[in-house]
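See below for the structure under consideration.
The values are calculated or read from the model by the stated rules, or taken from the named source; none is laboratory data. Model, not experiment: these values are computed from the prediction. Glycine gets a Cβ as well: all are built from the backbone with ideal geometry, and neighbour counts include every protein chain shown. Heavy atoms of the whole protein, side chains included, go into the accessibility calculation; ligands, DNA and RNA do not. Shrake-Rupley method; radii C 1.70, N 1.55, O 1.52, S 1.80 Å.
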Amino acid sequence: MKPNNDAAWDAEPSTLLRVGENFRLSDVDADATPGFVGGKAAGKKELKAAADDLDEKQERLFAASKVDATDAVLLVLQAMDTAGKGGIVRHVVGSVDPQGVALTAFKAPTKAELSHDFLWRIRKAVPDPGMIGVFDRSHYEDVLIARVRGLADDAEIERRFGAILDFEQELASRDIRIVKVMLHISADEQKARLGKRLDRPDKHWKFNPGDIEERQHWPAYQAAYQSVFERTSTEVAPWYVVPANKKWYARIAVQRLLLGALTEIDPQWPAADFDVEEQKRRLAAT
């Protein structure tokens, strides 16, 4: 996609936020708004303005699959707690027809799931042609938490990295466009957001006491994410690190990344398999 300067973009997030060679998570400013020159008000305007474009492209993707198109999109959302994954689902993905969306929120694996390879439950959630699949957390939990919590040794972590690379290459060969996003917030911002949840009775249901314990492992998680980026940001499935201290920016950046994936697919409305004029005459006669 070309930058839409009318919407205050001066560069594409798909270029600015993509994990490349020599990337360092520690260098990313979680307060930054790369590529967007407006503030919060302009960001909210941009989110609303681009929603129709996203909705149309998603509908075209869905419609094309009803004929013979095999394309799909998989949005992978990874982040520390409170980073805003739910807001992305609600405000970005929520702007399209829900019948064209397959959302899976991966929690801790069940006993049944643990009896299989870690990708077993992931494969079951891969989007069908015409769908936008969304993974709220994903197969990457099995190399992030497993490393930080010592749930798997180094050899097993390395095996999983290899399996992930093969899996994502397989998806790409099936015309599934993969958009992997890490929403990056600072430790101070997470602390503030957790505090707000504790201050508001209507947000207590979102608070998990375990989140405070997880904060003790913040440096380890940052190192684990760095390892993930180094091992699994590829041409067919690159990682994008989105600064997320400003929720409005994270939303428009992810929206832009989704629009870019759909624009590259360029789904077309399927041609009618019937005589349109004949059907008009038939309708007029009723």
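Kindly establish whether Glu170 is surrounded by fewer than 22 Cβ atoms within 10 Å (Cβ to Cβ), closer than 28 Å to Asp31 by Cα and either polar (S, T, N, Q) or out of contact with any helix residue (DSSP H, G or I) (no Cβ under 9 Å at 6 or more places or on another chain) (or both).
no
Mind checking which residues of the stretch 227-259 are closer than 25 Å to Pro129 by Cβ and over 13 Å from the mean Cα position of the chain (by Cα)?
Thr232, Thr234, Glu235, Val236
If Val76 satisfies every condition in (1) under 27 Å from Ala272 (Cα atoms); (2) touching a residue at least 60 places away in the same chain (Cβ under 8 Å) but one, which is the exception?
That leaves (1) as the condition not met.
What is the residue count in the stretch 194-206 for residues that are at pLDDT 95 or above and within 23 Å of the chain's Cα centre (by Cα)?
The qualifying residues number 1.
Somewhere in the stretch 204-222, is a residue in contact with a strand residue (DSSP E or B) (Cβ under 8 Å, 6 or more places away or on another chain), closer than 30 Å to Glu12 by Cβ and open to solvent by 20 Å² or more (accessible area, probe 1.4 Å)?
no
What's the number of the condition Lys107 fails, among (1) modelled with pLDDT of 95 or more; (2) within 17 Å of the chain's Cα centre (by Cα)?
(1)
Which one of the conditions (1) surrounded by 16 or more Cβ atoms within 10 Å (Cβ to Cβ); (2) out of contact with any Ser or Thr (no Cβ under 8 Å at 6 or more places or on another chain) does Lys246 fail to meet, given that it meets all the rest?
Tallying (1) surrounded by 16 or more Cβ atoms within 10 Å (Cβ to Cβ); (2) out of contact with any Ser or Thr (no Cβ under 8 Å at 6 or more places or on another chain), Lys246 fails exactly one: (2).
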